[in-house]
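What follows is a single structure, written as structure tokens, with notes after it.
The values are calculated or read from the model by the stated rules, or taken from the named source; none is laboratory data. For clarity, every value in this text was computed on a predicted model and none was experimentally measured. We place every Cβ from the backbone using ideal geometry, glycine too, and count neighbours over all the protein chains shown. For accessibility, only protein heavy atoms count, side chains too; no ligands or nucleic acids. Shrake-Rupley method; radii C 1.70, N 1.55, O 1.52, S 1.80 Å.
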Amino acid sequence: MEKIILTGDRPTGRLHVGHYVGSLRRRVELQNSGEFDKIYIMIADAQALTDNFDNPEKVRQNIIEVALDYLSVGLDPAKSNLFIQSQIPELTELTFFYANLVTVSRLQRNPTVKNEIKLRDFETSIPVGFFTYPISQAADITAFKATVVPVGEDQLPMIEQTREIVRKFNSIYDEVLVEPEVLLPENEACMRLPGTDGKAKMSKSLGNCIYLSDDEKTVKQKVMSMYTDPTHIQITDPGHIEGNTVFTYLDAFSKPGHFEEYLPEYASLEELKEHYQRGGLGDVKIKKFLNNVLQEELNPIRARRKEFEKDIPMVYDILKKGSEAAREAAAQTLSEVKSAMRINYFDDAELIKAQAEKYSN
Ligand code: TRP
């Protein structure tokens, strides 16, 4: 069986370092591993509209931002197919057929949907499109017969629901769809990178994100004002690692080589943590180290972004070509789905013949 990746992001803002360690970095590694037959990376504008239907301009403006972020982290259109969800009408057709396989109570039990309904004050009146987006996400994944879906932990319920739809479809109709596996980030810190203020979620409205496109000075400012350990007042005080944003970021970003280069008096992150916990290690020092680590990772990303920013029409062209190729793949699956459901009437010579015979005497 072919190994196929599908994943994507809603275009509601520029991508930040949480997206990077949570998924983007991994996607680039998978892309460059050469182990996958096909890789589809989708800008989920139709899904973004399910809770931004009153602000399509926001979605429209952010498509190019997300595309630039993709290209700047190293997603390569020669290896990964970058496309825009709304340009693939086959996805909505699949969604419509899958909707028959899902109950309202099952959707109500989806923890991600539940949580988002609360967050968005949809409790009293839930838009139908929003409520059913897990079905549309199942269409996104299955249209490409994805075997692996690299996403953050918050997407687990979506993949579970997709797998249920696949099993139900295949058992009722025919073995057409593929059950995807989820691929989660490598560690706890990558899974849930907090905002610079230590709050659990990075969000534009809280102003606690470090964006991939932030310049060097902005990143430094954000790092130097990061939340650490409020009980670590004097340098000599013992410090805490848990809930200390700087250390969480180091867990997500630092590599052994960084110590040799920027902080040779420590052999590893373990040693640095031990010293901090003992007391005698100041916040400024660990922040400066984190700043060096982050700048090293973000510099090439920023440089690539600058290059792609010079030719925006080309970036739209990449998305257009990617969308055309994605559409072909989705159309193939849709055709198999319709055959399995036996609603491909005009291709069904046997059906036509049988009906004709029925009426022939
Ligand atoms: N729900 C994802 C998010 O909010 C975006 C998305 C849409 C997606 N369709 C997908 C992710 C299919 C993986 C697979 O970021």
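A few points about this structure:
- Scoring residue 275 on the criteria (1) open to solvent by less than 70 Å² (accessible area, probe 1.4 Å); (2) closer than 30 Å to residue 39 by Cβ leaves a single failure, condition (2).
- Residue within the range 85-94 that is in contact with a strand residue (DSSP E or B) (Cβ under 7 Å, 6 or more places away or on another chain), within 12 Å of the ligand (Cβ to nearest atom) and at pLDDT 95 or above present: yes
- Being modelled with pLDDT under 95 and open to solvent by less than 90 Å² (accessible area, probe 1.4 Å) is a property that residue 323 lacks.
- Residue ranges of helices (runs of 4 or more DSSP H) in the range 15-123 with at least 1 members within 22 Å of residue 166 (Cβ to Cβ), among the acidic types (Asp, Glu) and touching a residue at least 12 places away in the same chain (Cβ under 8 Å): 90-98
- Against the conditions (1) in contact with a Gly (Cβ under 8 Å, 6 or more places away or on another chain); (2) open to solvent by 20 Å² or more (accessible area, probe 1.4 Å), residue 181 satisfies every one except (1).
- For residue 343, the stated conditions hold: it is among the β-branched types (Val, Ile, Thr), open to solvent by 40 Å² or more (accessible area, probe 1.4 Å) and not in a helix (DSSP H, G or I).
- Count of the range 135-168 residues which are more than 9 Å from the ligand (Cβ to nearest atom) and open to solvent by 30 Å² or more (accessible area, probe 1.4 Å): 8
- Scanning the range 9-51 for residues that are within 21 Å of residue 147 (Cβ to Cβ) and open to solvent by 30 Å² or more (accessible area, probe 1.4 Å) gives 25, 26, 29, 32, 33, 34, 35, 36, 37, 38.
- The residue that is nearest to the ligand (Cβ to nearest atom), counting only those in the range 108-134 that are polar (S, T, N, Q) and either within 26 Å of residue 89 (Cβ to Cβ) or crowded, with 19+ Cβ neighbours inside 10 Å (or both), is 112.
Here's the yes/no breakdown for (1) within 21 Å of the chain's Cα centre (by Cα); (2) modelled with pLDDT under 95; (3) more than 23 Å from residue 41 (Cβ to Cβ):
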{"site": "113", "(1), (2), (3)": "yes, yes, yes"}
{"site": "120", "(1), (2), (3)": "yes, yes, yes"}
{"site": "124", "(1), (2), (3)": "no, yes, yes"}
{"site": "132", "(1), (2), (3)": "yes, no, yes"}
{"site": "137", "(1), (2), (3)": "yes, no, no"}
{"site": "155", "(1), (2), (3)": "yes, yes, no"}
{"site": "171", "(1), (2), (3)": "no, no, yes"}
